[in-house]
Amino acid sequence: MKNPALVLGVNSAIQTMMGSIYQSGISFELLEYVGLRVGQINNCELCIGEAIVKAKDNPVTRDRIEHVLSWRDSKLFNESEQAALELTEAITRLENKYESVSDELWLKVETHFGEKEKAALVLFISVMNMFTRLNVATRQLMPEWEQ
């Protein structure tokens, strides 16, 4: 099937929400890493491909993009980025229901992000989970970017 967001015409609402997230003060690069991590966890080929294409011309971002999968062992991510990536995994997996995002993790996140930035992170992670689920469920495959 076609992308459900296109079928129902909700793209403008999604773009408005994404605009607020991008204006929250969180760096675009961090949002790229978070979005890629969601895509990796949910096996979204389109999301992973988009992240790689966007980073292609930026050597710093490209290096870091290549290490998102192993961010816990990488020295390339600072503490705030690690906190955001840990939050990403917790929200995406929700393995322990309401305890999935522990009080300890919230304290770690609050050390690096204010209320507006936390809200933007939670919304962004949730929206990226929606995108990955839509893409995978409707078999939105990676476009032929490089041809």
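The values are calculated or read from the model by the stated rules, or taken from the named source; none is laboratory data. A quick note: this is a predicted structure, and the numbers were derived from the prediction, not measured. Reconstructed Cβ throughout: ideal geometry from the backbone, glycine too, with neighbour counts over all protein chains shown. Each accessible area value is taken on the protein alone, full model and side chains, heavy atoms only, with ligands, DNA and RNA left out. Shrake-Rupley method; radii C 1.70, N 1.55, O 1.52, S 1.80 Å.
List of remarks:
- Kirkwood-type hydrodynamic radius, the range 63-138: 13.3 Å, calculated from all non-identical alpha-carbon pairs.
- For the chain, averaging the sequence separation of C-alpha pairs within contact (under 8 Å, six or more residues apart) and dividing by the residue count gives a relative contact order of 37 percent.
- When only the Cβ of Lys, Arg, Asp and Glu is charged (+1, +1, -1, -1), the dipole of the chain relative to its Cα centre reaches about 440 debye.
- Expressed as a whole percent, the accessible area of the chain that falls on carbon and sulfur atoms is 53 (1.4 Å probe).
- Heavy-atom surface of the chain, accessible at 1.4 Å and reported per residue (Å²): 61 Å²
- Charge sum, other residues only, whose C-beta stays under 13 Å from P4's C-beta, Lys/Arg counted +1 and Asp/Glu -1: +3
- Hydrophobic, long helices, defined as DSSP H runs whose alpha-carbon span along the helix axis is 24 Å or greater and whose mean Kyte-Doolittle value is at least -0.5, occur in the chain at 115-137.
- Prolate/oblate/rounded call for the range 1-112, Cα gyration tensor, a/c under 1.5 rounded: oblate
- With the charge dipole of the range 1-139 set up from +1 on Lys and Arg Cβ and -1 on Asp and Glu Cβ about the Cα centre, the Cα lying farthest toward the positive end among the listed residues N78, S20, C47 is that of C47.
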